[in-house]
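Right, one structure below, let's go through it.
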Amino acid sequence: MIILNINKDNNDIILKANICKNEILSKYMDFDYFTELCKSGCPHYNLSYTCPPNSPRFDDYTKDFKYSLVIAMYRNLDEEKTVDNFHSYLRKVLSDILIPLEKEFNGLLTDGGRCKYCEKCTYTDNLPCRYPQKIRFSMEAMGIDLNKVCKDILNHSIMWDEGSENKYCTVIGSINFNEDINENEFKKAILKLL
């Protein structure tokens, strides 16, 4: 497992990453259950090309890739920072790592959360995507249980209760790849990006 302590913009961030086979990650998929959760609780449901019910199943999206480097980034929060106001920042930090890694390792990334390239997605107006080459999906939109993935693959728990004593914010993404790449190669590539 890769564990890095990062200081970015005066924020102490922990990065955990682990390589696993996509056939193992697919066992954490319950596509219908998580699509229904989005439908009943997410304000972005059916409003973009990347959100359910428009997102593919994880096993379909990654069918041409054998492995994933699953990455979680998290930061402890103080009184000034809440999950709501820090999550977007942490997503950007993760995306700034995932996008170059996708290119360097001829992979396909999964991002954390919904697409944010446009203020309003063209999907709702029945128009083509403005950035079709940039469309990527989140693991949760493709039915992956991130809570279980974090616990089992990264030895990390996602905090769901802002009222808990130890507050922190977590974002998750991955790089899907085929080549025989070890953790040290990924670690060196990540460190070059920081």
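The values are calculated or read from the model by the stated rules, or taken from the named source; none is laboratory data. Quantities reported herein were computed from a predicted structural model and do not represent experimental measurements. With ideal geometry, Cβ positions are generated from the backbone for all residues, glycine too; neighbour counts draw on all protein chains shown. In case anyone asks, the SASA skips ligands and DNA or RNA and just uses the protein heavy atoms, side chains included. Shrake-Rupley method; radii C 1.70, N 1.55, O 1.52, S 1.80 Å.
The helix-based estimate of mean residue ellipticity at 222 nm for the chain, built from -39,500 (n - 2.57) per DSSP H run of four or more residues and divided by its residue count, is -9500 deg cm²/dmol to the nearest 500. Accessible surface for the chain, divided over its residues, is 55 Å² per residue with a 1.4 Å probe. Within the straight-line cut-off of under 20 Å between alpha carbons, the lysines reachable from Lys187 are Lys8, Lys16, Lys21, Lys66, Lys92, Lys103, sequence neighbours fewer than 8 places apart in one chain being disregarded.
Spin-label pair Thr82-Asp60: with each label point 7 Å from Cα along the Cα-Cβ axis, the two points sit 3.7 nm from one another. With the simple spin-label model, which puts each label point 7 Å out from Cα in the Cβ direction, the Asp9 to His44 separation comes to 1.7 nm. Note: the stretch 93-189, Cα convex hull, 150 Å³ per residue.
Rounded to the nearest 20 debye, the dipole size of the chain about its Cα centre is 440 debye, using +1 on the Cβ of Lys and Arg and -1 on the Cβ of Asp and Glu.
In the chain, the portion of solvent-accessible area held by carbon and sulfur atoms comes to 47 percent [1.4 Å probe, whole percent, DNA, RNA and ligands not counted].
The value given for the chain is a Kirkwood hydrodynamic radius of 17.2 Å, derived from the mean inverse Cα-Cα separation. Eigen-decomposition of the gyration tensor built on the alpha-carbon atoms of the stretch 36-150 gives equivalent ellipsoid semi-axes of 22, 20, 15 angstrom, largest listed first. The peptide list 144-157, 72-85, put in order of mean Cβ contacts within 10 Å with the highest first, becomes 144-157, 72-85. In the stretch 1-144, if the dipole is taken from +1 on Lys/Arg beta carbons and -1 on Asp/Glu beta carbons about the Cα centre, which of Ile144, Ile97, Asn76 is farthest to the positive end? Sorting the options by dipole projection puts first Ile97.
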